[in-house]
Amino acid sequence: MADDNAVIVEVGPRDGLQYEGGFFPTPDKIELINRLSASGLRRIEVTSFVHPKVIPALRDAVEVLEGIRKEPGVVYSALVPNLKGCRRALETPVDEIALFVSASEAHNQKNVGMSSQESLAGFKEIAKLALAEGRSLRGYVVTAFGCPYEGAIPEQRVLALARAYADMGVAEVSLGDTTGMANPVMVRQRMARLAGELEGLRLAAHFHNSRGLGLANAYAAHEAGVRIFDSSVGGLGGCPTAVGAMGNVASEDLVNMLEEMGVDTGVDFAKLMKATELIEQVLSTRAASYTSRQGRPAWQAGPGRKEPAACSGD
Ligand code: ZN
């Protein structure tokens with residue numbers, strides 16, 4: 001029995017599918033989320049209420065939220081950009097509203113066409129409304145480590161945004177390495193310092209695998225005491241010609257790493273693979289996760305062991 005545990009926030013249906021090429025059909029989205037719910041995951045970000053013209057891939061947000069089978073004990077969240085989006089979300093059975101702001105002014109301008117302060121000002125009303133409707137709140141700080149337009153992001157800026165979230169009743173802040181610029185040393189230091197400054201606020205780690213450092217960064221965050229990790233089944237996300245190239249850390253790999261480290265995630269790997277299989281069918285490609293191909297390591301010989309692919313042995 002593990003004496004350490006972690007919570008995985010599955011963001012594939014939102015963060016992953018919003019960038020996948022083409023339209024992932026609504027019934028398949030619903031089936032994907034149902035399979036994720038059945039795997040033991042306790043948190044799933046299912047969609048986004050960003051304007052359908054901006055993200056056509058998620059234009060079926062309402063149908064998805066109304067179509068899924070809600071598993072008791074699972075928290076289903078949706079990303080919301082503004083008050084209008086929040087009102088639409090609150091008409092659905094969504095449990096949690098997720099907000100997002102960039103720690104980089106340039107990125108926030110490009111992303112939503114306003115300053116970070118203007119974003120925060122708009123969130124106050126949303127937060128009030130969502131809390132009044134009995135929904136919980138999660139806040140993303142995106143480009144929390146580095147930004148392709150601004151370069152280094154001062155820690156103080158991340159801290160100020162997290163505090164602003166806390167002031168409006170947000171219980172959890174997820175720090176995003178949106179374009180995969182962070183490294184494990186930076187992550188460990190930043191997460192440890194922020195956790196020290198932000199007592200009472202839950203910190204989550206959200207790593208993209210753009211440069212292959214997603215898992216290393218997740219490990220570093222765990223070392224710094226973080227116990228909430230965002231990931232995408234199948235490493236979803238990125239450009240259609242190279243599935244997963246810019247995606248989140250893959251849930252299968254994260255679950256495997258944590259479980260191998262003795263950290264209980266509550267996720268049944270075989271059941272999680274049912275979600276991976278669906279993605280591979282629908283997108284007609286192989287998932288961008290290592291462990292989905294290799295299976296979990298077999299520490300005991302016997303039936304059910306997945307034989308490794310033939311290799312030269314050195
Ligand atoms: Zn992301």
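Out of the residues in segment 17-39 meeting the condition of being touching a Phe, Trp or Tyr at 6+ places or on another chain (Cβ under 9 Å) and touching a residue at least 60 places away in the same chain (Cβ under 8 Å), tell me which one is nearest to the ligand (Cβ to nearest atom).
Per the stated criteria, the residue is LEU17.
When you go through (1) in contact with a helix residue (DSSP H, G or I) (Cβ under 7 Å, 6 or more places away or on another chain); (2) surrounded by fewer than 17 Cβ atoms within 10 Å (Cβ to Cβ); (3) not in a helix (DSSP H, G or I) one by one for GLY266, which number turns out not to apply? Looking at each condition in turn, GLY266 falls short on (1). Here is the figure for segment 33-65: residues that are of a type in the set (Lys, Arg) and under 20 Å from GLU172 (Cβ atoms) total 2.
Filter segment 172-192 down to the residues that are part of a strand (DSSP E or B) and within 13 Å of the ligand (Cβ to nearest atom) and list them by number.
SER174, LEU175, GLY176, ASP177
Pick from segment 107-141 the residues that are modelled with pLDDT under 95 and within 16 Å of the ligand (Cβ to nearest atom): which of them is surrounded by the fewest Cβ atoms within 10 Å (Cβ to Cβ)? Ranking the candidates gives LYS110 first.
Condition check ((1) part of a strand (DSSP E or B); (2) closer than 21 Å to GLU155 by Cβ; (3) more than 16 Å from the ligand (Cβ to nearest atom); (4) out of contact with any Lys or Arg (no Cβ under 6 Å at 6 or more places or on another chain)) across all residues:
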residue: LEU194; (1), (2), (3), (4): no, yes, yes, yes
residue: HIS206; (1), (2), (3), (4): yes, yes, no, yes
residue: LEU215; (1), (2), (3), (4): no, no, no, yes
residue: ALA220; (1), (2), (3), (4): no, yes, yes, no
residue: GLY237; (1), (2), (3), (4): no, no, no, yes
residue: THR285; (1), (2), (3), (4): no, no, yes, yes
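Considering only segment 142-153, state which residues are within 18 Å of the chain's Cα centre (by Cα) and either more than 16 Å from the ligand (Cβ to nearest atom) or of a type in the set (A, V, I, L, M) (or both). Hits for segment 142-153 are VAL142, ALA144.
The values are calculated or read from the model by the stated rules, or taken from the named source; none is laboratory data. If you're wondering where the values come from, they're calculated on a predicted model, not measured in any experiment. Virtual Cβ from ideal backbone geometry, glycine too; neighbours counted across all protein chains shown.
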